[in-house]
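Here is the structure we will look at, set down as structure tokens.
Taken together, the values in this text are just the output of simple stated rules run on the coordinates, not laboratory data. Because the structure is predicted, anything quoted here is derived from the model rather than measured. All Cβ positions, even for glycine, are placed from backbone atoms using ideal geometry, and neighbour counts span all protein chains on display.
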Amino acid sequence: MSESLRLEPITPDNVTAACDIKVSPEQEQFVAPVVLSLAEAYASYRTAWPRLIMAGDQPVGFVMAGFDPDSELDFFRCGIWRLNVDARHQGAGYGRFAVEALIEEARRRGSKRFTVMWKRGEHGPENFYLKLGFVPTGEEFHGQVIGEMFID
């Protein structure tokens with residue numbers, strides 16, 4: 001990955017590019033479309049942290065974290081809500097970059113625990129998250145596995 005990778009806030013100038021991010025058809029059952037995620041971010045504007053994953057000038061994915069240290073549900077206090085890497089750009093390390101960037105943001109905010117939820121199934125994200133170091137907590141929420149990692 002020689003191009004400069006970064007996360008950019010969603011703005012009027014790039015919202016269409018964000019909505020154009022599409023996972024492969026067999027992955028659609030595992031992650032909400034970006035347009036729905038942006039609607040949820042709007043409704044949860046105090047805690048949602050949506051970003052466009054950029055490789056140089058090319059939008060390659062979308063990621064949204066949630067930062068709500070006062071949430072009643074501990075797995076919603078700090079973690080990944082969505083990760084959509086465009087089907088044309090998968091396998092190039094963009095998802096890993098996005099997760100690592102979110103972990104850095106969590107550290108900057110003083111968090112010690114970082115979570116993610118996923119649905120199990122063929123073509124699902126479970127192996128991706130396990131390879132990054134997330135460990136299932138043994139809990140599920142709305143049929144999704146809750147994974148966590150402790151950060152310092």
What the 5 Å binned alpha carbon P(r) of segment 105-146 shows, as percent of pairs per bin from 0, is 5, 21, 27, 22, 15, 8, 2, 0
Taking the alpha-carbon distance from Lys131 and a cut-off under 17 Å, which lysines remain once sequence neighbours fewer than 8 residues away in the same chain are dropped?
Lys119
Report the paramagnetic label zone for Glu3: residues of segment 22-66 whose backbone N is under 20 Å from a point 7 Å from Cα along the Cα-to-Cβ axis.
22-24, 34, 51-64
The extension gain from Ile151 to Gln90, computed as 0.36 nm times the residue separation minus the Cα-Cα distance, is 19.4 nm
Quick check on the exposure proxy: order His123, His89, His142 from fewest to most C-beta atoms within 10 angstrom.
His142, His123, His89
Within the chain, what's the longest stretch lacking GluC sites (Glu not before Pro) that sit in DSSP loops with no more than 13 other Cβ atoms inside 10 Å?
4-71
Across the Cα atoms of the chain, what radius of gyration and what greatest pairwise Cα-Cα distance (Dmax) are found, in Å?
14.5, 41
Given a cut-off of under 8 Å on Cα pairs at least six residues apart, what relative contact order in percent is computed for the chain?
20 percent
Separation between the Asp74 and Arg108 pseudo-spin-labels, each 7 Å from Cα along Cα→Cβ, expressed in nm?
2.7 nm
